[in-house]
Amino acid sequence: MNGIWDNGEVQNLFALVEECKRKNRALREAFIAHAQKYNRKPNSVRNYYYHEVDTLQNDQTRCKQLGINLKNHKKSEITYFSKEEENSLMQQIDKMVEEGSSVRKACFVLSNGDVGQMLRFQNKYRNFLAKRTQTEKPNNVVTFQKATKRLTDGEVQSLFMGLVRLVKKNALIEGEEKYKAELTSANAMLRRALAQINTQEREIEKLKEDFSRIKQENLKLAQNAIKNTCRKAEALRAKLENGENVL
């Protein structure tokens, strides 16, 4: 829903704001929740809310019609820190943090339990830390002196040639490293091939020995078969000569 706000939507927004205040939560949560429900932008909801608070203060009839208690929607007045107050506050938070308190707890104590004031102190301290980090120089940072004059053409040329030599040297080193890596890989492959050939040669020799042994065994079997055949033939011839029946 966009465009005109009806009474129901206005009442919903003010109810969400009151709920956030009761729970000591940021009002932005109410604006975001309302924006999601009514398809609006959170900033638009925020702007409408503060505008409507001003409007209802001058229109008590509409305020009663909506059932809104403006006492629950007073605008908080921003009190700005003086430089002395800000420095004092930062020092107090620093001291409490050094003693073991969290930043949130330190801000809560210094705000006397006022959640809104606590959030304000917390944001102020975070901004203070960010600024201090930007201004302080780490011990390991090397500061270069600002050049007092422009480089001459000769100096620029010398720097350029030095850069070229550095690039060439780096390329040469990279080429040597690549060649060493390729050579190591090739040697490893050669060793594996030689080991495989040696294994195959041993297997071939064993096969030759097995073949020779089987060949000798076959020859003996053939000779024994011939001898047996001859003995049977002699026995048969003897029976025939003696007139024995061989059938």
Per-residue HN-Hα couplings for segment 196-212 [Karplus 6.51, -1.76, 1.60; θ = phi - 60°; Hz; x = Gly/Pro] = 5, 5, 4, 5, 5, 5, 4, 5, 5, 4, 5, 5, 4, 4, 4, 5, 5
task = Excluding residues fewer than 8 places away in the same chain, name every one of the lysines whose C-alpha is closer than 23 Å to that of Lys220.
result = Lys206, Lys208, Lys232
task = Would you mind checking the pairs Lys41/Lys131; Lys74/Lys95; Lys21/Lys64; Lys83/Lys131; Lys23/Lys74; Lys23/Lys71 and listing those with alpha carbons more than 24 angstrom apart?
result = Lys41/Lys131; Lys74/Lys95
Exposure proxy order (Cβ contacts within 10 Å, fewest to most) of Ser101, Ser82 = Ser82, Ser101
task = Compute the Cα gyration tensor for segment 89-137, then decide on rounded, prolate or oblate, letting a ≥ b ≥ c be the square roots of its eigenvalues: rounded whenever a/c is under 1.5, prolate when a/b is larger than b/c in the other cases, and oblate in all that remain.
result = oblate
request  = Using only Cα atoms, find the angle between the long axis of helix 7-22 and the longest principal axis of the chain, and express it within 0 to 90 degrees, rounded to the nearest 10.
outcome  = 80 degrees
query = Tell me, what are the semi-axes, in whole angstrom and largest first, of the equivalent ellipsoid of the chain as set by the roots of 5 times the Cα gyration tensor eigenvalues?
reply = 102, 45, 22
ask   = For Arg132 and Lys95 in one chain, what is 0.36 nm times their gap in residues minus the Cα-Cα distance, to one decimal in nm?
value = 11.7 nm
Full-stretch length increase - Leu194, Glu217 - with 0.36 nm per residue and alpha-carbon distance subtracted = 4.8 nm
message = If I stretch the segment between Cys230 and Leu70 completely, what's the gain in nm (0.36 nm per residue apart, minus their alpha carbon distance), one decimal?
response = 44.1 nm
note = Whole-Hz Karplus couplings 3J(HN,Hα) for segment 179-194, θ = phi - 60° and coefficients 6.51, -1.76, 1.60, Gly and Pro as x, run 5, 4, 5, 5, 5, 4, 5, 5, 4, 5, 5, 5, 4, 5, 5, 5
request  = Give me the angle, in degrees from 0 to 90, between the Cα long axis of helix 115-135 and the longest principal axis of the Cα atoms of the chain, rounded to the nearest 10.
outcome  = 60 degrees
note = Expected sort for Met189, Met96 with the fewest Cβ neighbours (10 Å cutoff) up front is Met189, Met96
request  = Starting from the exponent 0.38 and prefactor 2.2 Å, build the expected Rg for segment 32-111 from its residue count and divide its actual Cα Rg by it.
outcome  = 1.68
key: C-alpha long axis of helix 27-38 to longest principal axis of the chain, angle in °   = 70 degrees
Hz values of 3J(HN,Hα) by residue in segment 214-224 - Karplus curve (6.51, -1.76, 1.60), Gly and Pro given as x = 5, 5, 5, 5, 5, 5, 4, 4, 5, 5, 4
inquiry  = Take Arg25 and Asp114, extend 7 Å from each Cα along the Cα→Cβ direction, and tell me the distance between the two endpoints in nm.
reply    = 2.3 nm
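None of the figures in this text is laboratory data; all of them are computed from the coordinates on show. Note that the coordinates shown come from a computational prediction; the quantities given were computed from them, not determined experimentally. Note: ideal-geometry Cβ built from the backbone for every residue, glycine included; neighbour counts use all protein chains shown.
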